[in-house]
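Reading through the structure tokens given below for one structure.
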Amino acid sequence: MISAGHFDIAIIGPGCFGSACAYHLTKLCNKKVCLIGPNEPQGPRSDSKNSVFASHYDTGRITCCSGTNPVSPRLNQRSINRYREIESESGISFFNPVGFIAIGTKDSEFIRVTEKCLDQFKIEAEILDSNQLTDKFPYLTIPSNYVGIYQPEKAGYIDIRRCVQAQIKVAQLQGCIRIAEIVESIVENKDGKLKISTETGRYITADKIVLATGAFTKCKDLMASWNRKLDLDVRRETTVKLQVNAKGLQDLSTMPSLIYADATEPRHVCYILPPIKYNDDGVYYLKIGHGLHYSKKIDPENLVQWYHGSGDPDAETSLKQILKKLIPHDYFTASKCDSCAIARTPHRSPMIDKVGNNVTILVGGNGGSAKSCNEIGYIGALNVLHRKWHYDIPASVFQVCYEENESKL
């Protein structure tokens with residue numbers, strides 16, 4: 001095997017969390033840091049021979065300050081407050097502050113939780129009834145018993161692919177070494193050093209590692225040396241992109257990102273992003289994705305095949321139906337369906353915790369952490385650099401969880 005060198009800290013996984021961790025580690029310390037993992041495949045994923053993929057191979061992700069639990073709003077706000085700084089440092093723009101609306105029935109749990117969050121975290125928002133919603137956004141059709149909570153500031157969408165690129169660029173400018181290899185195994189040597197072997201036969205040694213491997217964490221048995229399996233619930237996701245015609249582009253030019261929660265039909269819980277250029281072909285697409293109803297468990301051995309495919313046709317049909325209900329206009333022409341995956345944790349917060357003294361776990365986005373990835377990476381960096389917990393949210397919130405009720409080492 002050929003050595004690629006020794007590092008103080010090796011981060012495995014160059015996605016949302018790993019790139020953010022590299023960004024902060026290279027600011028917080030002078031240690032030798034590397035970021036390991038494959039680049040995004042060129043061309044269709046179905047043609048790629050990669051054994052792992054990533055959820056950030058995308059352009060549009062909703063961002064807003066609110067959240068559905070007591071932790072996520074703080075992570076969201078702290079990340080959003082850093083967006084412009086990262087853009088300035090990297091020269092890569094990724095934040096589009098078009099606003100965000102949460103839409104649901106007046107008495108729904110979704111609206112109640114959102115209102116409580118706004119009050120607790122002092123988030124600027126307007127509460128609009130159905131008439132006010134359709135006056136402000138005339139392309140929407142909203143039932144009379146629905147309300148919308150509109151966040152006009154510090155909300156909209158981010159180009160998560162460019163966000164990751166920006167974080168990596170800044171980390172590299174600060175000395176991080178990028179190694180575009182897929183990790184096959186990790187072994188802890190008798191001297192405590194960690195040997196990281198890649199699929200091409202190279203190896204890297206490190207004093208400490210950060211495991212930021214997302215939904216593909218369980219596809220490689222990277223925790224074998226510690227005899228542990230993380231309790232990650234990997235779920236398959238489907239999105240539909242609909243091409244927007246000239247009339248649609250004109251009418252939807254001020255459209256915010258939104259989440260729509262139909263209290264009577266679980267299939268009709270969805271998120272929608274405004275028209276965005278997802279490719280270099282100049283075509284704009286409106287993207288819609290589903291809630292938990294179509295978020296089905298998937299085994300690690302089937303994950304690559306899922307990424308090679310084009311999603312769930314039942315979910316596609318349902319998403320098109322709800323879009324026609326919400327935006328009943330002839331704005332859309334061709335459509336295409338895509339597949340993705342999320343990693344859910346038992347406590348619905350990211351796992352940010354140590355295994356032994358030299359491994360930091362940084363996984364579990366729970367389907368909505370792209371917006372807050374920079375702050376999550378910051379917490380991961382603090383975990384690497386300090387023996388004791390060093391953050392103002394309790395460590396128990398981010399505790400590592402193992403299968404079969406195993407306790408941490």
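The values are calculated or read from the model by the stated rules, or taken from the named source; none is laboratory data. Everything quoted here is computed from the prediction, not taken from an experiment. Every residue, glycine as well, gets a Cβ built from its backbone with ideal geometry; the counts of neighbours run over all protein chains shown.
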Scanning the stretch 360-405 for residues that are assigned to a loop (DSSP other than H, G, I, E, B) and either among the hydrophobic types (A, V, I, L, M, F, W, C) or not assigned by TED's automatic domain parsing to the domain that holds Ala22 (or both) gives Ala370, Trp389, Ile393, Val400, Cys401
Q.
Quick check on Thr141: is it of a type outside the set (D, E, K, R), touching a Leu at 6+ places or on another chain (Cβ under 9 Å) and assigned to a helix (DSSP H, G or I)?
A. no
Residues of the stretch 304-324 being surrounded by fewer than 16 Cβ atoms within 10 Å (Cβ to Cβ) and basic (Lys, Arg), in sequence order, are Lys324
Ala263: passes all of (1) surrounded by fewer than 22 Cβ atoms within 10 Å (Cβ to Cβ); (2) modelled with pLDDT of 95 or more but (2)
- Message: Scan the stretch 296-303 and tell me whether some residue there is touching a residue at least 12 places away in the same chain (Cβ under 8 Å) and crowded, with 21+ Cβ neighbours inside 10 Å.
- Response: yes
Of the residues in the stretch 215-250 that are small (Gly, Ala, Ser) and modelled with pLDDT of 90 or more, the one that is nearest to the chain's Cα centre (by Cα) is Ala215
Residues in the stretch 99-135 that are not in a strand (DSSP E or B) and not basic (Lys, Arg) total 23
(Q) Taking the conditions exactly as written (more than 28 Å from Lys325 (Cβ to Cβ), part of a strand (DSSP E or B) and in contact (Cβ under 8 Å) with a residue 40 or more places away in the chain), does Val210 satisfy them or not? (A) yes
Note: among Ile288, Ile322, just one is of a type outside the set (Ser, Thr, Tyr) and either at pLDDT 95 or above or part of a loop (DSSP other than H, G, I, E, B) (or both), namely Ile288
Does Asp129 satisfy the criteria of being acidic (Asp, Glu), within 30 Å of Ser48 (Cβ to Cβ) and touching a strand residue (DSSP E or B) at 6+ places or on another chain (Cβ under 8 Å)? no
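Residue-wise test of (1) farther than 20 Å from Asn96 by Cβ; (2) surrounded by fewer than 16 Cβ atoms within 10 Å (Cβ to Cβ); (3) in contact with a helix residue (DSSP H, G or I) (Cβ under 6 Å, 6 or more places away or on another chain).
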{"position": "Gly37", "(1), (2), (3)": "yes, no, no"}
{"position": "Gly43", "(1), (2), (3)": "yes, yes, no"}
{"position": "Lys49", "(1), (2), (3)": "yes, yes, no"}
{"position": "His56", "(1), (2), (3)": "no, no, yes"}
{"position": "Gly67", "(1), (2), (3)": "no, no, yes"}
{"position": "Gln77", "(1), (2), (3)": "no, no, no"}
